[in-house]
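Working notes for the structure below.
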Amino acid sequence: MAVLPTPTGNPTTNEQLTSASWQNQPLTPATATQTEAIVSGELGSAKAAAFKTWLTSAMQQDPTLTPNEAIAVYLTGSDVATGTGAVASLTGNTATATGQAALAAVSNPLDFLGNIAGFFNALVEKNTWIRVAEVLAGGMVLYLGLKYSFQGTGVHTAAKETHKTAKKALKIAEFIPK
């Protein structure tokens with residue numbers, strides 16, 4: 001659902017669904033214009049024109065339609081008569097609506113195992129190992145390209161000196177008691 005701004009800022013979804021603000025009051029010409037502007041900003045002017053036509057018809061069918069309900073019904077594609085009842089039952093109890101959405105999202109608590117099985121299934125696929133080989137080959141080409149492009153330059157000399165210093169430090173570290 002689109003966030004419907006107010007003069008004091010953007011309320012939380014729970015505040016929007018349960019407050020007595022303009023978003024939850026029956027539509028008037030002014031709030032219809034504001035709602036159309038929000039839809040235009042969210043979905044673009046082409047869809048806003050279709051929404052404006054739909055909203056005019058919807059306001060005639062249900063004079064108690066609120067901006068929240070209008071946007072929700074329009075986005076779900078249901079008709080005004082059945083859509084507003086469903087939206088009203090959900091917006092009347094946000095905790096229940098959130099719980100129903102959570103239950104719908106997790107119909108089977110073991111669904112996550114499918115992702116793990118998919119990972120192991122990918123390990124035995126030929127294309128996975130072809131991709132791994134391509135990445136390794138690309139890394140080697142990059143390493144060799146950089147190595148030979150800096151050979152004989154100041155960067156190469158500095159890297160050699162750093163390498164010698166690191167080797168000496170490792171030799172010294174071998175003799176330090178642990």
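Okay, here's what the table says:
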item	result
Residue that is modelled with the highest pLDDT [pool: residues in region 36-87 that are farther than 15 Å from Gln25 by Cα and outside any helix (DSSP H, G or I)]	Gly44
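Table: residues versus (1) modelled with pLDDT under 90; (2) charged (D, E, K, R); (3) surrounded by 10 or more Cβ atoms within 10 Å (Cβ to Cβ); (4) assigned to a loop (DSSP other than H, G, I, E, B).
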residue: Ala104; (1), (2), (3), (4): yes, no, no, no
residue: Leu110; (1), (2), (3), (4): yes, no, no, yes
residue: Trp129; (1), (2), (3), (4): no, no, yes, no
residue: Ala137; (1), (2), (3), (4): no, no, yes, no
residue: Val141; (1), (2), (3), (4): no, no, yes, no
residue: Ala159; (1), (2), (3), (4): yes, no, yes, no
residue: Glu174; (1), (2), (3), (4): yes, yes, no, no
residue: Pro177; (1), (2), (3), (4): yes, no, no, yes
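The values are calculated or read from the model by the stated rules, or taken from the named source; none is laboratory data. Given the structure is predicted, the values throughout are model-derived calculations rather than measurements. Positions of Cβ are backbone-derived with ideal geometry, glycine not excepted, and every protein chain shown enters the neighbour counts.
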